[in-house]
Ligand SMILES: [Zn+2]
């Protein structure tokens, strides 16, 4: 079990769940004991093992599930909100999350149908052909099963500048539209979810806004990284891997990697590969077949960023976007 960390006004009990994702070794979430409450920042993954680990950590803090007062989510992803339903079965407590997390946690049918239509059109217009079929099937299944898996908790919507259990809320979108950071300015510590991870790159994932428009995930992620670099904090507690004490250096590294990706994309486009799906295949090789949604998202996000920077332009031919250097 991880050691408790004493801050000025609260104690952090990290819950470190081993993970077997290809690039992620742990899933981290944090039990916080404060004078005004016992809260969780994120809620792990939905497995018995993770639930046991949470119970052990609660015991370490002299508490149990029934003593929890609230759950604060850095974002809605299933490895951050996984245990929420199990916890709520035992104790009905509010879940604090960003406004854009709500339809994603509630599996709102209208939102999910909009999102499915968004990806169908996106992959078609980006030249992906039949490559999205597997993902569409999964999204359709999610819509069918929504009544069973939708989160029924009370969700308290929080956003930029709000204060919750002593933490200042800072919006840090890009990895997901609803990503937020919880900053403890006095204690010079922040809980940053998946914006920056030590020893692993973070993908800015393409997703629609509530109105169906495509969010500029890569420029959002760059701005969020720059924001983390300016944060008055000595330590970042992250959703995966170890806590970060050299965040300014890591941010510089991540931004320069994104710049390199941009340069490589411009040179591929300059060589005459104009359709995003083909650019993705040229860039990623066999990952194009095995990780299609993820790698497409990565390339489309960077193309959007390059277009915003005036470095590439696009035109539609026969229903498919073609990019060329501007
Ligand atoms: Zn995530």
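Miscellaneous remarks
- Projected over all directions and averaged, the alpha-carbon convex hull of the stretch 206-318 occupies 9.2 nm².
- Rounded if a/c under 1.5, otherwise prolate or oblate - the stretch 1-115, Cα gyration tensor axes: prolate
- Prolate/oblate/rounded call for the stretch 126-278, Cα gyration tensor, a/c under 1.5 rounded: oblate
- Shape call, the stretch 41-97: gyration tensor on alpha carbons, a/c limit 1.5: oblate
- Cα-based helix-to-principal-axis angle, 48-60 vs the chain, degrees rounded to 10: 40
- 222 nm mean residue ellipticity, helices alone, for the chain (DSSP H n ≥ 4; -39,500 (n - 2.57); rounded to 500): -12500 deg cm²/dmol
- Between the stretch 257-326 and the stretch 92-166, the alpha-carbon center distance in angstrom: 25
- Rounded to 0.05, the FRET efficiency of the residue 290 and residue 317 pair, given R0 = 22 Å and the Cβ-Cβ distance, is 0.15.
- Cβ-based exposure ranking for 286, 59, in which fewest neighbours within 10 Å come first: 286, 59
- What the Cα atoms of the chain give is an Rg and a Dmax of 20.3, 64 Å.
The numbers here are math on the coordinates, done by the rules we state, and not lab data. Keep in mind that what you see is a predicted model, and the values were worked out from it rather than measured. Note: ideal-geometry Cβ built from the backbone for every residue, glycine included; neighbour counts use all protein chains shown.
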